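Colleague: First, the structure itself, so that you have it in front of you.
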Amino acid sequence: MHGNCPGAQARALRAARCIQRDLKETNEQVADEDRLAVRIGLHAGDVISDGEDLFGDVVNTASRLQEYARPGSVAVSAIIYEQVRNEPGTAFRRLGKHLLKNIADPVDVYEVVRQEGRVNWRKLRLVLRPYRIAFASVTGVVAAGVLFVSWLETR
């Protein structure tokens with residue numbers, strides 16, 4: 001993936017998560033010996049394309065990153081992590097800096113540890129905090145309205 005394309009990292013992460021989710025669903029329907037466990041590595045940068053073949057450090061790095069993912073999960077480099085760390089429904093576990101085969105500099109590796117469908121209640125609470133007073137006010141007005149209507153009906 002080209003690192004300068006807006007939203008490319010988030011789209012790549014969503015695609016990787018979708019692949020893993022679909023494989024998990026498929027694996028639940030087949031015999032143990034027919035199950036497929038895939039590890040996915042994501043990295044961003046410039047790619048050299050020659051027809052259908054892709055070359056460059058970005059391809060090699062992504063290939064090496066997948067070795068750090070558990071079967072059925074996704075590992076990403078710090079470049080990807082910085083762009084997608086706030087992606088809804090996604091959390092990461094830092095695996096540290098690693099020297100990858102045939103890659104000059106150490107790469108900071110993160111593993112996606114939570115897939116979509118789970119709610120991060122701590123983040124949700126922080127997002128909703130500014131609306132707490134407004135919600136309380138609206139709830140108070142509604143309650144007052146219900147009480148007023150009840151009072152009118154009893155008269």
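Colleague: From the residues in the range 48-93 that are under 18 Å from Val113 (Cα atoms), in contact (Cβ under 8 Å) with a residue 24 or more places away in the chain and among the polar types (S, T, N, Q), which one is surrounded by the most Cβ atoms within 10 Å (Cβ to Cβ)?
Modeller: This residue is Ser77.
Colleague: Turning to a different aspect of this structure: Just give me the residues in the range 94-109 being touching a residue at least 40 places away in the same chain (Cβ under 8 Å) and in contact with an Asp or Glu (Cβ under 7 Å, 6 or more places away or on another chain), in sequence order.
Modeller: The one that is touching a residue at least 40 places away in the same chain (Cβ under 8 Å) and in contact with an Asp or Glu (Cβ under 7 Å, 6 or more places away or on another chain): Ile103.
Colleague: Still on this model: Can you name the residue in the range 1-12 that is surrounded by 15 or more Cβ atoms within 10 Å (Cβ to Cβ) and modelled with pLDDT of 80 or more and is also farthest from Tyr110 (Cα to Cα) among such residues?
Modeller: My answer is Ala8.
Colleague: For the range 47-79, which residues satisfy the criterion of being touching a strand residue (DSSP E or B) at 6+ places or on another chain (Cβ under 8 Å), at pLDDT below 85 and in a loop (DSSP other than H, G, I, E, B)?
Modeller: Val47, Gly56
Colleague: Please specify each residue of the range 41-64 satisfying the condition of being in contact with a His (Cβ under 6 Å, 6 or more places away or on another chain) and within 23 Å of Asp22 (Cβ to Cβ).
Modeller: Ala62
Colleague: Determine which member of the set Pro106, Pro130 is modelled with pLDDT of 75 or more and not hydroxyl-bearing (Ser, Thr, Tyr).
Modeller: After ruling out the rest, the residue left standing is Pro106.
Colleague: Filter the range 13-41 for residues that are part of a helix (DSSP H, G or I) and exposed (fewer than 11 other Cβ atoms within 10 Å of the Cβ); which is farthest from the chain's Cα centre (by Cα)?
Modeller: Of the residues in the range 13-41, the ones part of a helix (DSSP H, G or I) are 13-27, 32-34.
Pick out the ones that are also exposed (fewer than 11 other Cβ atoms within 10 Å of the Cβ) and you get 22, 25, 32-34.
On the way: Asp22: 15, Glu25: 18, Asp32: 27, Glu33: 29, Asp34: 27 Å.
Residue satisfying both the conditions and the ranking: Glu33.
Colleague: On to the next question. When the range 59-103 is examined, which residues are found to be more than 20 Å from the chain's Cα centre (by Cα) and hydrophobic (A, V, I, L, M, F, W, C)?
Modeller: Val59, Leu99, Leu100, Ile103
Colleague: Moving to a separate point now. Output the number of residues of the range 55-78 satisfying the condition of being touching a helix residue (DSSP H, G or I) at 6+ places or on another chain (Cβ under 8 Å) and closer than 16 Å to Gly96 by Cα.
Modeller: 4
Colleague: Right, here's the next one. For Ala44, indicate whether it is assigned to a loop (DSSP other than H, G, I, E, B), touching a strand residue (DSSP E or B) at 6+ places or on another chain (Cβ under 8 Å) and either basic (Lys, Arg) or open to solvent by less than 50 Å² (accessible area, probe 1.4 Å) (or both).
Modeller: It is true that Ala44 is assigned to a loop (DSSP other than H, G, I, E, B), touching a strand residue (DSSP E or B) at 6+ places or on another chain (Cβ under 8 Å) and either basic (Lys, Arg) or open to solvent by less than 50 Å² (accessible area, probe 1.4 Å) (or both).
The values are calculated or read from the model by the stated rules, or taken from the named source; none is laboratory data. Because the structure is a prediction, the values reported are computed rather than measured. Positions of Cβ are backbone-derived with ideal geometry, glycine not excepted, and every protein chain shown enters the neighbour counts. Quick note on the areas: whole protein, heavy atoms, side chains included, nothing else; ligands and nucleic acids left out. Shrake-Rupley method; radii C 1.70, N 1.55, O 1.52, S 1.80 Å.
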